[in-house]
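Asks: Quick one: the structure is below, questions incoming.
The values are calculated or read from the model by the stated rules, or taken from the named source; none is laboratory data. The shown structure was predicted, so the numbers you read here are calculated from the model rather than taken from an experiment. Note: ideal-geometry Cβ built from the backbone for every residue, glycine included; neighbour counts use all protein chains shown.
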Amino acid sequence: GMPLTGEYEPSPAEWARKQVEEFESSGGTQGTTLHGRPVIILTTRGAKSGKIRKSPLMRVEHEGAYAIVASLGGAPKHPVWYHNVVADPRVELQDGPVRKDYLAREVTGEEKALWWSRAVTAYPDYDDYQRKTDRQIPVFVLEPA
Ligand SMILES: C[C@H](OP(=O)(O)OC[C@@H](O)[C@@H](O)[C@@H](O)Cn1c2nc(=O)[nH]c(=O)c-2cc2ccc(O)cc21)C(=O)N[C@@H](CCC(=O)N[C@@H](CCC(=O)O)C(=O)O)C(=O)O
C-alpha cells in the first residue's frame with residue numbers, strides 16, 4: 001500500500017517521544033517493551049495538520065492482524081491519535097524490525113469483545129483502565145493493506 005508521507009511531528013508527551021526515538025533508532029530492537037510487555041509503534045496522519053504522528057502502543061496481535069487500544073490509561077477523553085485513525089484509516093505499524101501498512105477498522109459488539117480479551121491477555125492493565133472510566137475505550141483492528 002501507499003506509505004504515509006509528510007513531515008514527522010514528534011509527540012509532546014516526553015515518554016512516548018523517547019520510546020519512539022529508541023525504538024526507531026535501534027531498528028526495533030530497543031525500546032520495544034513497557035513493564036516487560038511488547039510495544040509496537042503506530043504511525044498515523046494528523047487529522048488537522050496532515051503531519052506524521054507516531055504513538056507507541058501495546059502489542060496485541062493475532063494471526064497477522066493487530067488491535068490498537070485507545071486507552072490513554074483510562075482518561076476521560078480519547079487520545080488524539082484516535083481521531084487521526086478515524087479520519088484516515090491508512091496507518092503503519094512497526095512490530096520489532098518489521099514495519100507494514102494496515103487499514104484500521106473500529107470494532108464493536110462481539111468482535112470488540114473478542115479483541116478486548118486478546119488485548120487484556122497482552123496487557124492486563126487495560127481491564128483496570130476500562131473499569132476506571134465511563135468512556136468506552138475504542139479498539140481498532142488493523143488488517144494488512
Ligand atoms: C500527547 C498527544 O498524544 P495522543 O495522540 O493523545 O496520544 C496519547 C497516548 O495515547 C500516546 O502518548 C501513547 O503513545 C501512550 N501509550 C499508549 N496509549 C494508548 O492509548 N494505548 C496504549 O496501549 C499505549 C501504550 C504505550 C506504550 C508505551 C508508551 O511509551 C506509550 C503508550 C499528542 O501527540 N498531542 C499532539 C497532537 C497530536 C495529533 O495527532 N494532532 C492531530 C490533530 C487531531 C485532531 O485533533 O483531530 C494533527 O496533527 O492534526 C499535540 O498536543 O500537539
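Asks: Any idea how many residues of the stretch 118-145 are of a type in the set (Phe, Trp, Tyr) and over 30 Å from residue 3 (Cβ atoms)? Working first, answer last.
Replies: Initial filter on the stretch 118-145 (of a type in the set (Phe, Trp, Tyr)): 123, 126, 129, 140.
Now restrict to residues that are over 30 Å from residue 3 (Cβ atoms): 129.
Residues that pass the stated criteria total 1.
Asks: Checking residue 113 against (1) more than 13 Å from the ligand (Cβ to nearest atom); (2) surrounded by 16 or more Cβ atoms within 10 Å (Cβ to Cβ); (3) of a type in the set (Gly, Ala, Ser), which test does it fail?
Replies: (2)
Asks: So if I check each of 33, 29, 5, 43, which one is over 21 Å from residue 117 (Cβ atoms), β-branched (Val, Ile, Thr) and without any contact (Cβ under 8 Å) to a residue 12 or more places away in the chain?
Replies: Details: 29 fails: without any contact (Cβ under 8 Å) to a residue 12 or more places away in the chain; 5 fails: without any contact (Cβ under 8 Å) to a residue 12 or more places away in the chain; 43 fails: without any contact (Cβ under 8 Å) to a residue 12 or more places away in the chain.
Within the list 33, 29, 5, 43, the selection yields 33.
Asks: Also: Can you find a residue that is at pLDDT 95 or above, within 23 Å of residue 145 (Cα to Cα), within 9 Å of the ligand (Cβ to nearest atom) and surrounded by fewer than 16 Cβ atoms within 10 Å (Cβ to Cβ) anywhere in the stretch 69-84?
Replies: Looking through the stretch 69-84, at least one residue is at pLDDT 95 or above, within 23 Å of residue 145 (Cα to Cα), within 9 Å of the ligand (Cβ to nearest atom) and surrounded by fewer than 16 Cβ atoms within 10 Å (Cβ to Cβ).
Asks: Of the residues 38, 12, only one is surrounded by fewer than 21 Cβ atoms within 10 Å (Cβ to Cβ), in a strand (DSSP E or B) and within 10 Å of the ligand (Cβ to nearest atom); which?
Replies: Working: 12 fails: in a strand (DSSP E or B).
On inspection, the qualifying residue turns out to be 38.
Asks: Given 61, 21, which one is free of Cβ contacts under 8 Å to residues at least 24 places away in the same chain, over 14 Å from residue 138 (Cβ atoms) and either more than 9 Å from the ligand (Cβ to nearest atom) or in contact with a Leu (Cβ under 7 Å, 6 or more places away or on another chain) (or both)?
Replies: Numbers: 61 fails: free of Cβ contacts under 8 Å to residues at least 24 places away in the same chain.
Among 61, 21, only 21 is free of Cβ contacts under 8 Å to residues at least 24 places away in the same chain, over 14 Å from residue 138 (Cβ atoms) and either more than 9 Å from the ligand (Cβ to nearest atom) or in contact with a Leu (Cβ under 7 Å, 6 or more places away or on another chain) (or both).
Every residue, every condition in (1) closer than 20 Å to residue 104 by Cβ; (2) among the aliphatic types (A, V, I, L, M), yes or no:
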{"position": "20", "(1), (2)": "yes, yes"}
{"position": "33", "(1), (2)": "no, no"}
{"position": "44", "(1), (2)": "yes, no"}
{"position": "59", "(1), (2)": "yes, no"}
{"position": "64", "(1), (2)": "yes, no"}
{"position": "70", "(1), (2)": "yes, yes"}
{"position": "83", "(1), (2)": "yes, no"}
